[in-house]
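Engineer: Questions regarding the structure given below will be posed in turn.
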Amino acid sequence: MAVAKTKADDQGAQSVQAAPDAVERRPTFDPEEIAGPVPDFTKEMELKALGQMLLIRRFEEKSGQMYGMGLIGGFCHLYIGQEAVVVGMKLAMRDGDQMITGYRDHGHMLACGMAPKGVMAELTGRRDGYSKGKGGSMHMFSLEKRFFGGHGIVAAQVPLGTGLAFANNYRGNNGVCVTFLGDGAANQGQVYESFNMAELWKLPVVYVIENNRYAMGTAVSRSSAQTNFAKRGTSFAIPGRQVDGMDVRAVKAAGDEAIAWCRDGNGPYILEMMTYRYRGHSMSDPAKYRSKEEVDKMRTEHDPIEQVRQRLLAKKWVSEEQLKELDASVRAVVNEASEFATHDPEPDPAELYTDVYR
Ligand SMILES: Cc1ncc(C[n+]2csc(CCOP(=O)(O)OP(=O)(O)O)c2C)c(N)n1
Ligand SMILES: [Mg+2]
């Protein structure tokens, strides 16, 4: 059985520091500041979004537990709190459109329709994982589901996503590449080289900046001169919008608009999703750089899943009982995946020499 070594996380805890009190922080996210009227979802759309977000939430909770039990090794960055971003964007995408992201990627894979068993088995380093157990949390791909990773180097996915959009143009397939990056990643130089080429060549790429307010332990206001990430494309003439990333309907509506812009040949578009991660940066981050009150406020007032549940109940589209059944069915899928990932064998040692490029 694979036993995880808990090592100091170069992606996390050791370099995480508390923000000095003297640094003024941006006020806590207020969706009312940025949200216009949000179009309603039909009952079917609400249920679809709820099912997807619940799958991601339960999967991530289980991943956290399995990490604690030593069944998952290496790095593990959970997406809990941010579910509405990827689910809303996926609802706006068409078959054939591509998705690419960084290392906080389990939710993106599930939203793309990748099998929970295959993702979980990769997390536990087993042979039926998406990368045959040799990649782990940050390195999974599915050509079939149009998911292009899974990248551990901050912002590395941005030029790659731009390249995927270039390929769409070159092939004339009318596809759009949705490229996700974090608020921290948005300060990387390669992002701006990508922006320049994307606008110059009118490439069909939506850059979705998931502003969860922190890059590891550093608050946005401490790392970024321009904290309005929707404006980051201004010098390249790329349009941008801030979106309530905790409301799946707002994300879908903004995604529809941005994707249509790209598909119509107008070039790239930037969406800044105002969101929040409930857990630490990675499993080894105790998240001492923010207050419990700040986290509690987001969970109790803006939780993306609770918002859908409350709307469904208020409209009497479902009963509490039906919501419990939905949750139970999602938990069953996740439990099955974790059972599978616990008993699936490790890769054969001979696999060490396959899929290696020289
Ligand atoms: C090029 C590079 N520099 C630094 C790191 C270490 N690192 C990992 S995650 C991270 C913070 C990125 O934060 P953000 O883009 O906001 O994404 P989030 O973790 O919030 O999803 C850093 C600095 C890295 N993996 N790659
Ligand atoms: Mg961040």
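Engineer: Mind jotting down the three principal axis lengths of the stretch 98-173 based on Cα atoms? Whole angstrom, largest first.
Structural biologist: Result, largest extent first: 38, 25, 18 Å.
Engineer: Find out how many positive minus negative residues lie around Tyr207, taking Lys and Arg as positive, Asp and Glu as negative, among other residues whose Cβ is under 10 Å from that of Tyr207.
Structural biologist: Summing Lys and Arg as +1 and Asp and Glu as -1 gives 0.
Engineer: Considering only the chain, what is the antiparallel percent among its DSSP beta bridges, to the nearest 5? Intermediate results must be reported in sequence, preceding the final value.
Structural biologist: Working: 3 of 24 bridges.
Here the antiparallel bridges make up roughly 10 percent for the chain.
Engineer: I'd like the FRET efficiency for Glu294 and Glu257, computed as 1/(1 + (r/R0)^6) with the beta carbon distance as r and R0 of 45 Å, rounded to 0.05.
Structural biologist: Between Glu294 and Glu257 the formula returns 0.90.
Engineer: Please work out how much length the chain gains when fully extended from Arg171 to Glu336, using 0.36 nm per residue of separation minus the C-alpha to C-alpha distance, in nm with one decimal.
Structural biologist: Net length gain for the segment: 55.4 nm.
Engineer: First check a/c for the chain, with a ≥ b ≥ c the square roots of the eigenvalues of its C-alpha gyration tensor; if it is under 1.5, answer rounded, and if not, answer prolate when a/b is larger than b/c or oblate otherwise.
Structural biologist: Numbers: a/c = 1.23, a/b = 1.13, b/c = 1.09.
Rounded.
Engineer: To the nearest 20 Debye, how big is the dipole of the stretch 123-170 about its Cα centre, given +1 on the beta carbon of each Lys and Arg and -1 on that of each Asp and Glu?
Structural biologist: Result for the stretch 123-170 is approximately 200 debye, rounded to the nearest 20.
Engineer: Still on this model: Springs between alpha-carbon atoms under 10 Å, Gaussian network over the chain: tell me which of Leu203, Leu71, Leu50 tops the mean-square fluctuations.
Structural biologist: Of the options given, Leu71 has the highest mean-square fluctuation.
Engineer: Straight-line reach from Lys134: which aspartates and glutamates have Cα under 15 Å away, leaving out those fewer than 8 places along the same chain?
Structural biologist: Glu122, Asp344, Glu346, Asp348, Glu351, Asp355
Engineer: Sort the stretch 21-174 into rounded, prolate or oblate with this rule: let a ≥ b ≥ c be the square roots of the eigenvalues of the Cα gyration tensor; rounded if a/c is under 1.5, and if a/c is not under 1.5, prolate when a/b is larger than b/c, oblate otherwise.
Structural biologist: It is rounded, given that a/c, with a ≥ b ≥ c, falls under 1.5.
Engineer: Which order do peptides 108-121, 128-141 fall in by mean Cβ count within 10 Å, highest first? Let's see the in-between values first.
Structural biologist: Values: 108-121: 22.6, 128-141: 20.4.
Descending packing order for the listed peptides: 108-121, 128-141.
Engineer: Which order do peptides 266-274, 224-232, 143-151 fall in by mean Cβ count within 10 Å, highest first? Numbers along the way, then the final one.
Structural biologist: Values: 266-274: 25.0, 224-232: 16.2, 143-151: 18.7.
Highest mean packing first, the order is 266-274, 143-151, 224-232.
Engineer: How high is the FRET efficiency between Thr354 and Asp40 when r is their beta carbon distance and R₀ equals 51 Å, given to the nearest 0.05? Show your work: numbers first, answer last.
Structural biologist: Details: r = 50 Å, r/R0 = 0.99.
Computed FRET efficiency for Thr354 and Asp40: 0.50.
Engineer: Next question, about the same structure. Within the accessible area of the chain, what % is carbon and sulfur when the probe is 1.4 Å and the other protein chains stay in place? The partial results should precede the final answer.
Structural biologist: On the way: 8410 of 16050 Å².
Ligands and nucleic acids excluded, carbon and sulfur give 52 percent.
Engineer: Now for a different question. Using R₀ = 30 Å, calculate the FRET efficiency as 1/(1 + (r/R₀)^6) where r is the Cβ-Cβ separation of Glu61 and Ser319; round to 0.05.
Structural biologist: Details: r = 24 Å, r/R0 = 0.81.
The pair Glu61/Ser319 has a calculated efficiency of 0.80.
Engineer: Over the stretch 67-152, average the accessible area per residue using a 1.4 Å probe and give it in Å², no decimals. Don't jump to the answer; show the numbers that get you there.
Structural biologist: Details: 2460 Å² over 86 residues.
Here the residues of the stretch 67-152 average 29 Å² of exposed surface.
Engineer: Stretched out fully, how many nm does the piece from Asn196 to Glu144 gain, at 0.36 nm a residue minus the Cα gap?
Structural biologist: On the way: separation 52, 0.36 × 52 = 18.72 nm, distance 2.97 nm.
Full extension of this stretch gives 15.8 nm more.
Engineer: Using per-residue counts of other Cβ atoms within 10 Å, averaged over each peptide, order 152-162, 338-348 from highest down.
Structural biologist: Top of the packing list down: 152-162, 338-348.
Engineer: Under a 1.4 Å probe, what is the accessible area of the stretch 213-358 per residue, stated in Å²? Please report the intermediate quantities before stating the final value.
Structural biologist: Working: 7320 Å² over 146 residues.
On a per-residue basis, 50 Å².
Engineer: Can you give the charge dipole size of the chain about its Cα centre, rounded to the nearest 20 debye, using +1 on the beta carbon of Lys and Arg and -1 on the beta carbon of Asp and Glu? Display every interim value, and only then the final one.
Structural biologist: Numbers: 43 positive and 47 negative charges, 60 e Å.
In debye, rounded to 20, the chain gives about 280.
The values are calculated or read from the model by the stated rules, or taken from the named source; none is laboratory data. From a predicted model like this one, the values you see are computed outputs, not experimental measurements. No Cβ is skipped: glycine too gets one built from the backbone with ideal geometry, and neighbour counts run over all protein chains shown. Heavy atoms of the whole protein, side chains included, go into the accessibility calculation; ligands, DNA and RNA do not. Shrake-Rupley method; radii C 1.70, N 1.55, O 1.52, S 1.80 Å.
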